[in-house]
Amino acid sequence: MELEKKVLHLIENDARISAKTIAVMLDEDEEKITAIIDKLENEKYILGYNTIINWERMGNDGVTALIDVKVTPEREVGFSRVAERICRFPEVRCVYLMSGTYDLSVTVTGETMQDVARFVSHKLSTLDQVQSTTTHFVLKRYKQDNFVFEEPQEDKRLVVSP
Amino acid sequence: MSSMSSYISGVVQEIPPSGIRKFFDLVTQTEGVISLGVGEPDFVTPWHIREACFYSLEKGYTMYTSNLGLPELREEIAAYEKRKIGVSYSPVEEILVTVGVSEAVDLALRALIEPGDEVLVPEPSYVSYAPGTKLVYGKPVPLLTYDADEYRLRPDILEKAITPRSKVLILPFPNNPTGGIMKAEDLQALVDIIIKNDLIVLSDEIYAELTYEGEHVSIASFPGMRDRTIVFNGFSKAFAMTGWRIGYACGHPDIINAMNKIHQYTIMCAPIMAQMAAIEALRHGEGEMRKMVENYNYRRKLMLNGFRQVGLSCFEPRGAFYCFPSIKNIGMNSEDFCEKLLKEEKVAVVPGNAFGNCGEGYIRCCYAASVANIEEAIERMGHFLARHRKG
């Protein structure tokens, strides 16, 4: 379990690090590390691997909205059934159950504002359990999943020092 | 322009410029270099420490502090050293906050050395001890350490070098550039010799937190050694604070007081903003520091393994963040090796002889670099070695 956690910490911030490199860093066999990663993937401890892309720089004008959703919970299943239903829409990127003044936080992406508006008015608001929605459009991303968007990442150190 | 060099004092003229300087100029003229030549962390100072500094500026802390340093900082240092090496120092008169350990070592040499006194300096080691000794008209006496001894200082080598003029022994462990450390039993073997010959020890422990096997042990913790040892430490390496220039010395009040005399006339006090940041580092920085150390340890293994794969023999470093592989079987001296490696493969490493003559035949490679850069550098070095071994 300890070893599995160490492996996860290493790949959490660098999904492309090789099993061979991890094995050297942790003093383990490469086969053992490969087996651990396979197991973590198969058992869905590792759900997948994403790439964090600065799409704005590629001239892509897609929009992202964070939607606060108030929901009527249902007997037996609480918020889960409606949350799972919302998850199935491909334009939905994240769904969280929140404490506070609303229940679900839903992140949605689309090509245009109209796409997102259509999704909210046609798909999300029309669900029986949904009482209300408040849509916030993202204007600019500064940091996401540990990566700062505009910061130059160059090494500022002197190239040689004692 | 007419030459002014005849105006420069003899002692300064005599000191050779740092061997690293020449190499630095070469590297900066080359583009696309992967540098393993640095002597500092690749982390930026943790944000909470930087933020504490902004806050102190906002609050208006922009004035002098007492010469010894802020009392709160000295208290934190006393508590830290008690935890770390098990020695108690009075924050009132036994701790001096300085502009990096470099200043503190210079103050100690100036406070202790009479012209002609001998300073015993293990080699290879950091570049400033011998010049610092010469500047106060002392005589640096090299104590060679060897690959085969894992770069520990051997008692017989110490004993043989001692003369009636020997006054100070420098103990720079964990060591830059070798990564060697002194375990408790290694230090124990030196204690009797030190006491018998009435030496003062300057124990430069700046890399103490970067010890990867067992815990760091200070010679100050041995019976009879506390009062004859000055312990030097700082924030540069453990807390990634090199540019803040903040360190300290702990020792007997008579010696600290003498050092403080020089400090008050030359520096006055360490910058207050760096002192404020240092307080934050000691109070709340331990967690992040441990993570950085764990990370160095991963990369230490990666670099060591990589060197062995490409056929560079390398002693396993147990402290600091350097590997010190031998290049003796390549048929080039250290400087040629580094220059050719830079020109042909664009990898910068530091020639071992920059750290004393006995570093000839070795190179210093810093693993405070990204995993990708370490792997790429080792691959390039592999090509280089394959090419030059054949020839």
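The values are calculated or read from the model by the stated rules, or taken from the named source; none is laboratory data. Bear in mind that the values here come from a model prediction, so they are computed numbers and not experimental data. Cβ coordinates were reconstructed from backbone atoms using ideal geometry, including for glycine residues, and neighbour counts include every protein chain displayed.
Key figures
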| item | result |
| --- | --- |
| Options A:V108, A:V120: the member that is surrounded by 15 or more Cβ atoms within 10 Å (Cβ to Cβ) and not in a strand (DSSP E or B) | A:V120 |
| Those residues of the stretch A:141-162 which are of a type outside the set (A, V, I, L, M, F, W, C) and more than 17 Å from the chain's Cα centre (by Cα), in sequence order | A:E150, A:E151, A:P152, A:Q153, A:E154, A:D155, A:K156, A:R157, A:S161, A:P162 |
| Candidate set from the stretch A:15-37 (those that are among the hydrophobic types (A, V, I, L, M, F, W, C) and not in a helix (DSSP H, G or I)); member that is farthest from the other protein chains (Cβ to nearest Cβ) | A:A15 |
| Some residue of the stretch A:70-78 being more than 14 Å from chain B (Cβ to nearest Cβ), exposed (fewer than 15 other Cβ atoms within 10 Å of the Cβ), outside any loop (DSSP other than H, G, I, E, B) and at negative phi | yes |
| Filter result (of a type in the set (G, A, S) and in contact with a helix residue (DSSP H, G or I) (Cβ under 8 Å, 6 or more places away or on another chain)) within the stretch B:271-308 | B:A274, B:A277, B:A278, B:A281, B:G285, B:G306 |
| Qualifying residue in the stretch B:11-21 (condition: farther than 28 Å from A:L158 by Cβ, more than 14 Å from chain A (Cβ to nearest Cβ) and out of contact with any Leu (no Cβ under 9 Å at 6 or more places or on another chain)) | no |
| Exclusive hit being farther than 30 Å from B:I272 by Cβ and at pLDDT 95 or above, set B:P91, B:P131, B:P172, B:P115 | B:P115 |
| Qualifying residue in the stretch B:267-274 (condition: farther than 24 Å from B:N176 by Cβ, part of a helix (DSSP H, G or I) and not polar (S, T, N, Q)) | yes |
| Residue that is farthest from the chain's Cα centre (by Cα) [pool: residues in the stretch B:62-100 that are surrounded by fewer than 24 Cβ atoms within 10 Å (Cβ to Cβ) and on the phi > 0 side of the Ramachandran plot] | B:G86 |
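Here is a yes/no grid of residues against (1) touching a Cys at 6+ places or on another chain (Cβ under 9 Å); (2) away from chain A (no Cβ under 14 Å):
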| site | (1), (2) |
| --- | --- |
| B:I330 | no, yes |
| B:E335 | no, no |
| B:V349 | yes, no |
| B:A354 | no, no |
| B:E360 | no, yes |
| B:N373 | no, no |
